[in-house]
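Below is one structure, written out as structure tokens; comments come after it.
Where a number appears in this text, it was derived from the coordinates with a stated rule and is not lab data. What you see is a predicted model, and the numbers here were worked out from it, not measured in a lab. All Cβ positions, even for glycine, are placed from backbone atoms using ideal geometry, and neighbour counts span all protein chains on display.
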Amino acid sequence: MNKPFSELSTTGLKTKAVKSAGINVAAQFIGFVCHTFGVIVLARLLTPRDFGLVTMVTAFSLWVMNFGINGFTEYIIQKQQLYREEVNSIFWLHLGLACIMAIGFSFFGLYLVDFYSESALSGIAVAMTASFVFQALSTSHMAILKREMKFSSIAVAELIAVILSVVFAIAAALAGGGYWAVVTRQLSVPAVTMIAAWILCPWRPGRPKHLAVAMPGLKYAIQVYFNFSLGYVTRNMDKVLLGRFHGSDILGNYDRAYHLSSMPANQLLTPLHGIALSTLTRLRDDEKRFSTYFTKAVSTVALLGSISAAILTLTARDLIPFLLGPDWVEAGRVVMAFGPGIAPMLVYGTHSWLHLALGKPDRWLRWNILATIITVAAFIIATPFGAIGMALAYSAVSFILFIPSLWYAGIPVRLSAGKILSSVWPFFVSAFLVCGAWLYLSESWAPLREFLLSAGPLSRILITSFIALLFYVLVVIACRRSMHPFLEVFSLVKLMFSREKS
């Protein structure tokens, strides 16, 4: 029977959203610990070349794999009235397209061998096609869970996937698998997620029929995916250029540095994306509440992102070799170059929330065309300067784009650039002042310089992190003339973990 899924409701929305965020962030943190453990162990068992080889393939395979994940997911979440027959048609259409793309990508692997002059890439490409099918089998189920705001179930599924992927990858590395250990990790996440999605979501697809019912969803998905594709190009063209002109060793160092620099974004934006979309979608007919929710969310992202960026920038030269080993010193320098752009990169990532929640993928497309042109141009200019030059270009572009992107996305709800800037500037300024002051004092003040040189790497990391955090808090309070930003975060944390009243 073609029964509809439940309609979107705003009842108890703030509590649901904040509690869901708490569950997701907590699960993401546990996953982050496991993931970091995996990164450390694998970096010591494998070489930069092993990571570089797999990155040469995943720069393309992840783009193909995300068709439907970025598109059908948002369509199922945001549609006010959704029928089971339509979801069934979307499921089979997505699965069929995934199988076709898997066959095509297997042949594309032969081109990668010629492009990079690396014979191992053909086998890696064939293996990665399994992820296309795994994701297609789980996308509809995960989207239904997100639509119904069952984020605790999603968090459990994603956490189990991360933990098992680390276990399988380390086992493969210990068995002498080399770069296949990295491939194992890449495939384990979608495979485990697929199994968990079918266990946690009670919906089951019926026989494939009436695929025409899925055409509105496919049209929406193509628009969203085209937007995603433009964003994906901007995030991966740097890796393609470095791999082509500098080789797998440089690319391996850059990829690990990028991965570690993007951890703040992964820890904040990834668990919040579905929650923000579900929440803002329910508020799109109320401009005032919509703008208030969004600016508060952006302010919190900027606060947490700025201090993460400051600490990572100041500790990178010690932290990365300490975690990954002496072969990864260059990656520490690259992380420092990424550092200034981490906070604006985080804030920039929220502009998609506006476009998707407002049902405006066409506006998102127009913006992404412009952003892609600017970003790719910057990467091409930076290519001769290697990994550090590319990271600096990434940081510069993040600063150039983040305010215009949110202003343009917020036009339909009259979200002004001034309102956005006022919600983030104290945190950005505070992080820059803290980084500038510490770098100057640690180099020019002899007693401090000698003390830090005499301390071990772990001691320097802990001392630097503590002082940076302390001064960041003080500077933010001075800029805002209030402790309100921190009190707001504490109140959200309290609400996240409070018990429901019976």
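A few notes on this one:
- Gln80-Leu365 FRET efficiency (beta carbon distance; Förster radius 22 Å; 0.05 resolution): 0.45
- Added length on full extension, which subtracts the Cα-Cα distance from 0.36 nm per residue, Ile222 to His484: 90.1 nm
- Estimated purely from DSSP H runs of n ≥ 4, each contributing -39500 (n - 2.57), the mean residue ellipticity at 222 nm for the chain is -28500 deg cm²/dmol once divided by its residues.
- Local electrostatic count, Gly38, Cβ distance below 13 Å [Lys/Arg +1, Asp/Glu -1]: +3
- In this calculation the C-beta distance from Ser491 to Lys288 is compared with R0 = 25 Å, giving a FRET efficiency of 0.75.
- Averaging Cα coordinates gives a centre for the range 157-197 and one for the range 56-110; these two points are 21 Å apart.
- Label-point separation in nm, Leu474 to Leu439, each point 7 Å along Cα→Cβ: 2.1 nm
- R0 of 41 Å, Cβ-Cβ distance Ala212-His259: FRET efficiency to nearest 0.05: 0.45
- The string of couplings for the range 341-353 from the Karplus curve (6.51, -1.76, 1.60, θ = phi - 60°) is x, 5, 5, x, 4, 4, 5, 4, x, 7, 5, 5, 4 Hz, one whole number per residue in order, with x for Gly and Pro.
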